[in-house]
Protein chains: 2
Amino acid sequence: MAETTTFREVMAEIVARITEGPWGPGTLLPGEVELAEEFGVSRTTMNRALREVSEQGFLDRRRKAGTRVRMAPIRQARFEMPVVRAEIEKTGADYRYALVSRAVVVAPDWLRARMGLKARAKVVHLVCLHFADGVAFQLEDRWINASALPQAVEQDFSVVGPNEWLVATVPFSEVEISFLAQAADALMVQHLDHALGDPVFCVERATWWQNAAVTLVTLAHRRGYRMTTRY
Amino acid sequence: MAETTTFREVMAEIVARITEGPWGPGTLLPGEVELAEEFGVSRTTMNRALREVSEQGFLDRRRKAGTRVRMAPIRQARFEMPVVRAEIEKTGADYRYALVSRAVVVAPDWLRARMGLKARAKVVHLVCLHFADGVAFQLEDRWINASALPQAVEQDFSVVGPNEWLVATVPFSEVEISFLAQAADALMVQHLDHALGDPVFCVERATWWQNAAVTLVTLAHRRGYRMTTRY
DNA sequence: CAGTGGTCTAGACCACAAC
DNA sequence: TTGTGGTCTAGACCACTGG
């Protein structure tokens, strides 16, 4: 190949052989040692190349069984979930935040079930708006578990949004994200550019930390919003 | 740590130090050499551990600048986009496929613009249904560029769905995926369990191969469908 | 049981970017 | 200029798993 063959070049060649060359779906590849020899690289390098191609979903690797080209590549979409502020400012638009309402209440039943809270658990309920160039971009409907995060009760979220406050307060957590289509309800109609019943693209995110539910949020987007990615 | 310290153990410890321990957001970590020494592993192993933690979005690594804990972890959602058949069968349900309509036509203007086709380009237009346990699960509305894929014109898609045919025919490609909410149109009302105007969760996928548009597909899902992932 | 991938090591050179 | 991560090598042992 070249004077110094890097694992990236090896990867490119492997992908080429899969997509254009002789290694059609289902092909059993030669072993790492043999391939390393053919490419003139060390087995370490060949291993890394194969591993990364495998992570891209093209290959299925198993000990003893060998490396096989997947019948259908595992197509995986990767979405970065930026803080809204970053998402908006990246487009060059001005970002503005507003708190619509804030209340400390006893968790309703559906929420208790959804978050796994104890009976009569207290939660902070927040509704916020995120604007791009003065136009409402996203409506945030958030519940925070006051037992897990007592500081949230005393936080006044009028200046700093709960999202930014949370990422700075809770170090990390397990997250479940869902994308769904919802019919616009009264709150969405009031704050976003929707008519009642319009299809709204929503992201729902539930967060745990050390097995305790921290927060559940629904992000409703303005008309025509799409979440897009390439690969 | 243990007798043999693996890079996974090192990773776990690094993540722990970030999330619970002394390495708060913004911290500059010691260099690889120093860390390797502290953990009693080779630099190669430490490098891999740091690289993978970095890929998870916790760390920002730059030559000369060093390794720094991100202020806010890059939260990224990864969705596997299985073939519908696999998605349905994984739930234990029976899968059934049906072709609703098939036509070879001149591409309408909006499609030419969207896919970048020449004037009067021919396309194959397919509408298909995917059933789970006899209930319509997904409505597939697909356009295939006949110039890029002449074989598609003669394919009769009554038994094998276009998705499965395509993954077996076109090796790989660049893909753009969008998630969006759409109002149910007549076709969706007819085939899915929707009323006119209902919010429908749709996935739109455009595919290119060697800079030529191959196919554009919209997948409309049944009521209440969510696309979910954890991390 | 034996073959294949998974991983670790020690040492080396290099490329990039901050100072 | 120089420190830091990026990568390659050669060799070795190990773990899983298919036959």
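The values are calculated or read from the model by the stated rules, or taken from the named source; none is laboratory data. Remember, predicted model here, so these are calculated numbers, not experimental data. Cβ placement follows ideal geometry from the backbone for every residue including glycine, while neighbour counts extend to all protein chains displayed. Protein only, heavy atoms only, side chains kept; ligands, DNA and RNA dropped before computing areas. Shrake-Rupley method; radii C 1.70, N 1.55, O 1.52, S 1.80 Å.
Quickly run through segment B:216-226 and pick out the residues that are part of a strand (DSSP E or B) and either open to solvent by less than 20 Å² (accessible area, probe 1.4 Å) or among the aromatic types (Phe, Trp, Tyr) (or both).
Residues satisfying the conditions are B:Leu216, B:Val217, B:Leu219, B:Ala220, B:His221.
Filter segment B:210-229 down to the residues that are among the polar types (S, T, N, Q) and at pLDDT 90 or above and list them by number.
Here is the first cut: in segment B:210-229, the ones among the polar types (S, T, N, Q) are B:210-211, B:215, B:218, B:228-229.
Once the filter is applied, which keeps residues that are among the polar types (S, T, N, Q) and at pLDDT 90 or above, segment B:210-229 yields B:Thr215, B:Thr218.
Filter segment A:43-87 down to the residues that are touching an Asp or Glu at 6+ places or on another chain (Cβ under 7 Å) and away from chain B (no Cβ under 11 Å), then identify the one that is most open to solvent (accessible area, probe 1.4 Å).
Filtering segment A:43-87 for residues that are touching an Asp or Glu at 6+ places or on another chain (Cβ under 7 Å) and away from chain B (no Cβ under 11 Å), the one most open to solvent (accessible area, probe 1.4 Å) comes out as A:Arg43.
Scan segment B:137-175 residue by residue and report those that are assigned to a strand (DSSP E or B) and β-branched (Val, Ile, Thr). Talk me through it step by step, then tell me what you get.
The initial filter retains those residues of segment B:137-175 that are assigned to a strand (DSSP E or B), namely B:137-145, B:174-175.
Matches in segment B:137-175: B:Ile144, B:Val175.
Hey, can you tell me all the residues within segment B:34-84 that are within 15 Å of DNA strand C (Cβ to nearest atom) and aromatic (Phe, Trp, Tyr)?
Of everything in segment B:34-84, just one residue is within 15 Å of DNA strand C (Cβ to nearest atom) and aromatic (Phe, Trp, Tyr), namely B:Phe39.
So which residues in segment B:176-203 are facing chain A (nearest Cβ under 8 Å) and either part of a strand (DSSP E or B) or open to solvent by 60 Å² or more (accessible area, probe 1.4 Å) (or both)?
Of everything in segment B:176-203, those that are facing chain A (nearest Cβ under 8 Å) and either part of a strand (DSSP E or B) or open to solvent by 60 Å² or more (accessible area, probe 1.4 Å) (or both) turn out to be B:Glu176, B:Ile177, B:Ser178, B:Phe179, B:Leu180, B:Ala181, B:Gln182, B:Ala183, B:Pro199, B:Val200, B:Phe201, B:Cys202.
Find the residue count for segment B:142-162, including only residues that are open to solvent by 20 Å² or more (accessible area, probe 1.4 Å), under 17 Å from B:Trp208 (Cα atoms) and not small (Gly, Ala, Ser).
3
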